[in-house]
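Everything below concerns the one structure shown next.
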Amino acid sequence: MKPLYWQIVPSLLLLLLGVQPAFSLPTIISSTTSVASNLTLDGQGSASTHIVKVANLQLSTDGTNGFTLTISSQSLTKSGGETPIPFQVTTVPAGSGSPSASDFLVSPGSNYTVSTTSAGSSSKEMYIKYTPAALQDPGAYNTSISLIVTDN
Amino acid sequence: MSTKLIRRALIASGLFIGTAVAFSPTAFADTTGSVVMGGSVTSTLNLASVTTAGATALDLDGDGTTPTAHIVQVADLTIGTNNEQGYTLTATAGSLAKAGGTSIAYQVTSVANGEAAPAIGDFSAGNYTVGTTAAGETLTDLYIKYTPAALQDAGAYAATITLNVVDKT
């Protein structure tokens, strides 16, 4: 007659092991800045290049090879899609100050990527650079930037 | 021996439970995020009109002269907009009127700044409209055409042209 605990113990262990995740995923938390929803778009006779912080990012992964963050950059558009304002994207480590115009290396419309090489967390600030036309078609412009983080 | 086994199993299960609780995040984290941005541009549509000296000293004949069409520049217009589709200008036609007298009808047209005066055939009845098809500023000369009667009631005649600009959609 087998003691009862031999049956209980293995099932207990199996049940609790099931709670732990089978693999870890990278994570991203982004918080949009208030100025991002109120961008200066000039367009009333003159225009200049604007570099604006649009989000604070918290990224982390348990993956031993680190993560890759991919950010899409399309254009700010009106509802009809005409006269878009293209923009470029870059990130800097949190607290390191605004990037300069030459720090934006990815052309508008292409994806911007930044990677780490080991497990861990990082805080970043996301900036965009854009130059409206001197005479920009009046109206409301907006867009949604997508961010995806994957393990390397 | 059996109680030791159970004790070890319970201790191990306690560790697992503690770890599971620590994994639950305080803020929702995912593998994707989005940043919504926006701004707006206001229309710069503007109109400035300067009346010419000749507009307030129109030759109204009426003293037996054979009726002749007069074509006179009455204003210099500066119109601008950032609207990509341009603007539409409307100028009202009407009559130079005098209380107790027969009015003198006039028609309106325009030419680009500095160009030669329009010909009789360039005028048509009704309110005058003209537009552009792109953003920018334009300078325009506004003209009227009128033909007084051979014998026109003596006195002072006056009229006001109303100008209106709107952005095209």
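The values are calculated or read from the model by the stated rules, or taken from the named source; none is laboratory data. Bear in mind that the values here come from a model prediction, so they are computed numbers and not experimental data. Note: ideal-geometry Cβ built from the backbone for every residue, glycine included; neighbour counts use all protein chains shown. In case anyone asks, the SASA skips ligands and DNA or RNA and just uses the protein heavy atoms, side chains included. Shrake-Rupley method; radii C 1.70, N 1.55, O 1.52, S 1.80 Å.
State the Cα centre-to-centre distance between the range B:124-169 and the range B:29-108 in whole Å.
The range B:124-169 and the range B:29-108 have Cα centres spaced 7 Å from each other.
Sort A:Ile148, B:Ile144 by heavy-atom solvent-accessible area, probe 1.4 angstrom, most to least.
A:Ile148, B:Ile144
Apply the Karplus parameterisation 6.51 cos²θ - 1.76 cosθ + 1.60, with θ equal to phi minus 60°, to every residue of the range A:97-105 and state each ³J(HN,Hα) to the nearest whole Hz, in sequence, with x for glycine and proline.
Going residue by residue, I get x, 5, x, 8, 4, 6, 7, 8, 9 Hz, with x marking Gly and Pro.
Just grab the label-to-label distance for B:Thr102 and A:Ala133, each label 7 Å out from Cα along the Cβ direction, in nm (one decimal).
Rounded to a tenth, the inter-label distance reads 5.3 nm.
How many percent of the accessible area of the range B:63-123 is carbon or sulfur, using a 1.4 Å probe?
Values: 1330 of 2670 Å².
Carbon and sulfur atoms account for 50 percent of the accessible area of the range B:63-123.
Given an 8 Å cut-off on Cα distances and at least 6 residues of separation, report the relative contact order of the range A:42-130 as a percent.
Here the relative contact order equals 47 percent.
Along the positive direction of the dipole of the range A:53-152 (beta-carbon charges: Lys, Arg +1; Asp, Glu -1; about the Cα centre), which of A:Thr150, A:Gly63, A:Ala140 reaches farthest?
Final value for the positive-end residue is A:Ala140.
Provide the buried accessible surface between chains B and A in square angstrom, both chains summed, 1.4 Å probe, rounded to the nearest 100.
Heavy-atom accessible area buried at this interface is about 3200 Å².
Set the Förster distance to 30 Å, then compute FRET efficiency between B:Thr92 and A:Ser79 from the Cβ-Cβ distance, nearest 0.05.
Once the sixth-power term is evaluated, E becomes 0.30.
Can you tell me how much longer the chain between B:Val165 and B:Leu151 gets when fully stretched, taken as 0.36 nm per residue apart minus their C-alpha distance, in nm with one decimal?
That works out to 1.3 nm of additional length.
May I ask you to give the solvent-accessible area per residue for the range B:76-169, in square angstrom, as obtained with a 1.4 angstrom probe?
The answer is 49 Å² per residue.
At 7 Å along Cα-to-Cβ for each site, give me the label-to-label distance between A:Thr49 and A:Thr33 in nm.
The two pseudo-label positions are separated by 1.7 nm.
Across the residues of A:132-141, average count of Cβ atoms on other protein chains within 10 Å?
Counting other chains' Cβ atoms within 10 Å and averaging over A:132-141 gives 6.
Residue by residue through B:71-84, how many Cβ atoms from other chains fall within 10 Å of the Cβ on average?
What the average comes to for B:71-84 is 2.
Report the charge-dipole magnitude of the range B:94-169 in Debye, nearest 20, computed about the Cα centre from +1 at each Lys and Arg Cβ and -1 at each Asp and Glu Cβ.
Computed about the Cα centre, the dipole is about 220 debye.
Along the Cα→Cβ direction, 7 angstrom out, place labels at A:Ala94 and B:Asp30. What is the inter-label distance in nm?
2.1 nm
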